[in-house]
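Novice: Quick one: structure below, then a few questions.
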Amino acid sequence: MEYSTKKRLTQNQLNLLETSFITNSKLEGERKQELANQLGLSSKQVSIWYQNKRARCKAEAVERDYQALQLQLQNVLAHNKRLQIEVRRLTHKLDQANHLLFLASHPSAASASASTVAPSFNHLQSSSWDSPATATTNSIWENAEVLPIMEELDACLFE
């Protein structure tokens, strides 16, 4: 069995092929033969070099696209994580607001649950809940803890 020895291209041949490839990545018959004569190669060798070069360029482009997609994926995942944290924070705020709304609409529940639900609601056990006249002046809407929650809830709802 005969094996042909593969002869490497010289730097000058490579430079000429690279320059020609930059100008046009596809070869026409005349240009291929002209290049082959100029380089001292067969037209088949020139064709194979061009075919291999196009394949390398395509593989490099695929690798660049893959790297860009990986970066985009990392950015999307990081953004998703930030959004999940924000959703948990806002859900907690909404739960707080709903709890305060419930307590405001059910004064008897406020006094019964204030000591068991959360220490921050102990101020709701005051005697102001017993008297309807003072209940309106000491409304839960005027409470210093509730107002920022309600303002934030309002801002979230109307963004």
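The values are calculated or read from the model by the stated rules, or taken from the named source; none is laboratory data. Since this is a predicted model, take the numbers as computed values, not measurements. Backbone-built Cβ (ideal geometry, glycine too); neighbour counts: all protein chains shown. Ligands, DNA and RNA are excluded from the accessible area calculation, which covers all protein heavy atoms including side chains. Shrake-Rupley method; radii C 1.70, N 1.55, O 1.52, S 1.80 Å.
Novice: Please go through the range 1-39 and pick out each residue that is surrounded by 10 or more Cβ atoms within 10 Å (Cβ to Cβ) and among the small types (Gly, Ala, Ser).
Specialist: If the condition is that a residue be surrounded by 10 or more Cβ atoms within 10 Å (Cβ to Cβ) and among the small types (Gly, Ala, Ser), then SER20, SER25, ALA36 are the ones that fit.
Novice: Further question: Look at ARG56 and say whether it is within 23 Å of LYS6 (Cα to Cα), open to solvent by 100 Å² or more (accessible area, probe 1.4 Å) and under 42 Å from the mean Cα position of the chain (by Cα).
Specialist: yes
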